[in-house]
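Worksheet: the structure to be examined is printed underneath.
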Amino acid sequence: MSIRQRLYPDPGQLAGLVEHCHHARFVFNIGLEQRSMWRRWKHDRGTHPEYGDLNAARITTASQMRELAQLRGELGWLRAGSSSVQQAALRDLDRAFQNFYAGRAKYPQFKRRSEREGSFVVRDLTVRRLNRKWGVVTVPKVGQVRFRISWMWADIERATSARVTHRNGRWHIAFTTPAAEKITAESGAVVGIDRGVANTLATSEGRMIQAPSLTDPEKTRFLRLQQRLARQQKGSKRRAQTLDRLATLRRRLGDRRTDWVEQTTTGLARTYDLIAVEDLRVQNMVKRPAPKPDPVHPGVFLPNGARAKAALNRAILASVWGRFLTRIEHKMPEGTVLRVDPKNTSRTCAACGHTAASNRESQAVFACQACGHQAHADTNAAVVILDRALGTTAPGHGVSGRRSPAFAGSANQPAA
């Protein structure tokens, strides 16, 4: 678990933190280029024998650690930084490749140079409490940096490492601690949740929960700032001012969404013993539509609905579906969050099980053409989701094989 706290470096410490970010980015990128070159040599070694001299053996984290020590001896500006920070960047690279090979992430990408964002890891962590609200953490080559305490100090003291991040004008430190205890409601209550765009969450009990967004004046201001940014020259002072104002709005929106996710997931975990959700592939849902080449005119493409799909993608991402599901699974015991097959959940009648596209008259209205059952479309879908999780629906629409932990209870009883 990560405990994220706001970091308040003084002006003299800012330069050191930014330098650590740049060193970590440089080491990560050069390590990624080295591994990518080895992969190219392995693939094309029959036609590119020159790679053999540079990559005679498989590149590992240990070998890159040794080469990093040699590089620090040659580059004075790199030697002036912290070796532990730079070694941690290679560990981040190795973890990124492990996630890629396990199918959990895409191929690692190069980190761009930016004064507005960056991160690095602090190992051999040392923290000290100053008073009830403030503490200090020791950052290599920088010294003791103050942070605001908004979590129990006993949990922060148990941290084994930390990651310092800079984004949208703010510095934070995330302490890595043992996993928190699971929340158990012990109420016997179960609920199905339908995730949507018009209504972010709809429960089987008829409750609608909406994720926060920017207010209408803030949206207007954000759009105007983006239009102004497109006209400004890169590297100018006015462009930097526009970026600062955009960062303020992005930071405000991010704080609202994070608070909403934490408050909502904690409230649900304290209320229900079992939660059923659709097993949605969110990453696939927000992909760009494939281009449509014109068969009559080579090199010309037909309209493919990219603009409409982009608007839908933004709405899906704004609903933070993935973050919601991740946090609810973190907070609840194993087997109490079930992912079910999402096929036809919005077209299936919760009363009789009849499935037809004509059942859903509009975004909000559901009227079964077989039995006449009427309900809010999102609520009806949430009931269908719960029925599938409990095994009370038609065969072939049960719990998805990709659900997180296995359900420990019987087909009709929630886990204790």
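The values are calculated or read from the model by the stated rules, or taken from the named source; none is laboratory data. Computed from a predicted model, the values in this text were never measured in an experiment. Quick reminder, even Gly has a Cβ in these numbers, built from the backbone with ideal geometry, and neighbours come from all protein chains shown.
Key figures for this structure:
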| quantity | calculated |
| --- | --- |
| Tally of residues being more than 22 Å from Asn199 (Cβ to Cβ) and in contact with a strand residue (DSSP E or B) (Cβ under 6 Å, 6 or more places away or on another chain) across the range 329-369 | 1 |
| Scan of the range 87-122 for residues that are in contact with a strand residue (DSSP E or B) (Cβ under 7 Å, 6 or more places away or on another chain) and either β-branched (Val, Ile, Thr) or modelled with pLDDT under 90 (or both), ordered by number | Glu117, Val121, Val122 |
| Test: Phe147 is among the aromatic types (Phe, Trp, Tyr), outside any loop (DSSP other than H, G, I, E, B), modelled with pLDDT of 95 or more and not assigned by TED's automatic domain parsing to the domain that holds Ile328 | yes |
| Test: residue in the range 324-343 that is small (Gly, Ala, Ser) and farther than 18 Å from Asp378 by Cα | yes |
| Neighbours by Cβ (under 6 Å, 6+ apart or cross-chain): first from the range 245-258, closer than 17 Å to Thr165 by Cβ; second at pLDDT 95 or above and surrounded by 15 or more Cβ atoms within 10 Å (Cβ to Cβ) | none |
| Hey, Gly118 closer than 18 Å to Pro9 by Cβ, surrounded by 19 or more Cβ atoms within 10 Å (Cβ to Cβ) and in contact with a Cys (Cβ under 7 Å, 6 or more places away or on another chain) or not | yes |
| Selected residue [modelled with pLDDT of 95 or more and either outside the structural domain of His376 (by TED's automatic domain parsing) or basic (Lys, Arg) (or both)] from Arg195, Arg228 | Arg228 |
| Residue, nearest to the chain's Cα centre (by Cα), within the range 233-279, restricted to residues that are part of a loop (DSSP other than H, G, I, E, B) and buried (at least 16 other Cβ atoms within 10 Å of the Cβ) | Asp279 |
| Criterion: part of a helix (DSSP H, G or I), surrounded by 10 or more Cβ atoms within 10 Å (Cβ to Cβ) and aliphatic (A, V, I, L, M) - qualifying residue of Leu125, Leu93 | Leu93 |
